[in-house]
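The values are calculated or read from the model by the stated rules, or taken from the named source; none is laboratory data. All figures in this text were calculated on a predicted structure; none of them were measured in a lab. Cβ sites come from the backbone with ideal geometry, for glycine too, and all protein chains shown count toward neighbours.
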Protein chains: 2
Amino acid sequence: MFKQLGLIGCGLMGGSFALALKQAGLVERIIGYSKSPSTTERARQMGVIDQAAESALLAVSGSDIVLLAVPVAATDITFRAIRHLVNPDVLFMDVGSTKRDVVDAARRVLKERVGAFVPAHPITGKELAGVQHADVDLYKDRRIILTPIAQTSPVLLEKAHAVWTAIGAHVQEMTPEAHDAAFAAVSHLPHLLAFAYFTSILQQKESEQFLALAGPGFRDFTRIAASDPAIWRDILIANREEILKQSERFRGALGVLEQVLRDCQGEALEALVTGVSHTRSHWRMGAGKNLKK
Amino acid sequence: MFKQLGLIGCGLMGGSFALALKQAGLVERIIGYSKSPSTTERARQMGVIDQAAESALLAVSGSDIVLLAVPVAATDITFRAIRHLVNPDVLFMDVGSTKRDVVDAARRVLKERVGAFVPAHPITGKELAGVQHADVDLYKDRRIILTPIAQTSPVLLEKAHAVWTAIGAHVQEMTPEAHDAAFAAVSHLPHLLAFAYFTSILQQKESEQFLALAGPGFRDFTRIAASDPAIWRDILIANREEILKQSERFRGALGVLEQVLRDCQGEALEALVTGVSHTRSHWRMGAGKNLKK
């Protein structure tokens, strides 16, 4: 399918993409670049990439598919580094968790070449960052959201569908705006809440005792609080307007529950929790239909 | 070790305790009572109990160990039903997630017989309630918090340690007050937050689309929102003072993060998240030592 994958950013997301393309026989050769030479070297030793490139531009040179797998705040600078080689014979994609800012950067930097870029957000991840955690199955059975714009090349958009589908992912299209609003609600706000909750625990003098006593509910509720700080700094800042709107809604819902507790209204509390518990019990990741039965 | 276990409440917690005692050969016979006759019958058909009792009192009659596995708000009425048979030759325990209210009820109802009751809280659970989800390994490698009071019989307290240890759990003692403060922080508040967050999603007109897009982070963060409404109504109401204190702290921590987002302070945000991410990455359930390295 492709001769050469140029990988810019050899971390968890980029490394897993490289492994998956290789396993599926979709690419002959992988050339990788990372800001840190030790990361690139590790990726080469692990067989995630075949060759290290000395710059992002050199990773693009000779490639017919390029994946930008860098923190979203680095999108602008990465586009600047490679823009002279951006052309519609090459499929360019990213893996960023926010899309409006990425699309803005693409428009701003790539200008009339923006059509070669197909913005992508794979709904997957691990709380463990780094190429050492790269996983050939990271994208398997997961959703990939593509957020094309009017200028996006239909040929490359089709190729993007094909490559993600070929590694076992399920592709769906949205506008960048709808994407960012939805992911503020279902992903970014939960991260903010998990960070805030864990912070409030650590701020108490009994925090060590608390952490020693915590059980499986705590473990799952706080798993995302272990997420990579640099990546989440960028996501939260980039999508802050939508996230703050969602946080406001959340505070409202919390306030209602708090008031019911204060007033000791057991029946009202049970009524509020019953619908939630029922809906969550029947929810399945990636199902999306018939949820409110 | 015991001749007969009297099980009052044949749900997930009670059923799992019965299965574990049987498997470990700690009890010859199990007699069970549930408010709903169909639950008791199901437990009998599943082999969780050997015989159904027609009342809580009859489940205690002839038993040398009794487990109250009912929602915490039912503790008072259950003690009233059995108090005439409460005596220091029998080990009485509960499995409630709150302890001050349970101990208060025991003092109030059992009076001078309160020493026969050893308050217990196993740190385990599932979002799936009911005897059909009973699991012989539910308590294995999990912590059990015992909250004895001055009157608690030392002999029965020792027996309580022995029985939980024999089914693979790790036993620890705390005061009822310290227990309730700690679990408000590490268990009850996360449930309240998960309920509030899920509510705020359901209240939006795009909720179906949101739920269809949600990924593994959302799945884990909201798992506890599927918890049993009646059980959590009781826990949240019983421990509301401590929970509201913890919620106040949480709102403070969330407010700081929101302000940093509003001010677009990427570095400050990263600094705040880094300590949290590091500590959570190194946390292991039940470890409790050397967490802040």
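Is it the case that the stretch B:168-180 has a residue that's surrounded by 23 or more Cβ atoms within 10 Å (Cβ to Cβ), within 12 Å of chain A (Cβ to nearest Cβ) and touching a helix residue (DSSP H, G or I) at 6+ places or on another chain (Cβ under 7 Å)? Yes, because at least one residue in the stretch B:168-180 is surrounded by 23 or more Cβ atoms within 10 Å (Cβ to Cβ), within 12 Å of chain A (Cβ to nearest Cβ) and touching a helix residue (DSSP H, G or I) at 6+ places or on another chain (Cβ under 7 Å). Beta carbons closer than 9 Å, at least 6 apart along the sequence or on distinct chains, pair a first residue in the stretch B:233-246 that is touching a residue at least 12 places away in the same chain (Cβ under 8 Å) with a second that is among the aromatic types (Phe, Trp, Tyr) for B:ILE235/B:PHE183; B:LEU236/B:PHE195; B:ASN239/B:PHE183; B:GLU242/B:PHE183. Contact map, the stretch B:198-226: residues that are facing another protein chain (nearest Cβ under 7 Å) paired with residues that are acidic (Asp, Glu), Cβ distance under 8 Å, separation 6+ or inter-chain. Pairs shown: B:ASP220/A:ASP220; B:PHE221/A:ASP220; B:ARG223/A:ASP220; B:ARG223/B:GLU127; B:ILE224/A:ASP220; B:ILE224/B:GLU127; B:ALA226/B:GLU127. For the stretch B:233-246, a residue qualifies if it is surrounded by 24 or more Cβ atoms within 10 Å (Cβ to Cβ) and within 7 Å of chain A (Cβ to nearest Cβ), and the qualifying residues are B:ARG233, B:LEU236, B:ILE243.
State whether one or more residues within the stretch A:230-249 are closer than 18 Å to B:GLU258 by Cβ, in contact with a Pro (Cβ under 6 Å, 6 or more places away or on another chain) and in a helix (DSSP H, G or I). Yes: the stretch A:230-249 contains one or more residues that are closer than 18 Å to B:GLU258 by Cβ, in contact with a Pro (Cβ under 6 Å, 6 or more places away or on another chain) and in a helix (DSSP H, G or I). In the stretch B:254-271, of all residues being part of a helix (DSSP H, G or I) and more than 7 Å from chain A (Cβ to nearest Cβ), the one that is nearest to the chain's Cα centre (by Cα) corresponds to B:GLY255. Might you check whether a residue that is more than 13 Å from chain B (Cβ to nearest Cβ), among the small types (Gly, Ala, Ser) and closer than 23 Å to A:THR222 by Cα occurs anywhere in the stretch A:118-133? Checked against the condition, which is being more than 13 Å from chain B (Cβ to nearest Cβ), among the small types (Gly, Ala, Ser) and closer than 23 Å to A:THR222 by Cα, the stretch A:118-133 yields no hits at all.
Answer with yes or no whether B:GLY130 is among the small types (Gly, Ala, Ser) and at pLDDT below 95. So B:GLY130 fits the description; yes. Within the stretch A:249-262, residues that are assigned by TED's automatic domain parsing to the domain that holds A:PRO190 sit with their Cβ atoms under 6 Å from residues that are of a type in the set (Phe, Trp, Tyr), at 6+ positions apart or across chains, in these pairs: A:PHE250/B:TYR197. Within the stretch B:210-227, the set of residues being in contact with a helix residue (DSSP H, G or I) (Cβ under 7 Å, 6 or more places away or on another chain), modelled with pLDDT under 95 and of a type outside the set (A, V, I, L, M, F, W, C) comprises B:GLY215, B:GLY217, B:SER227.
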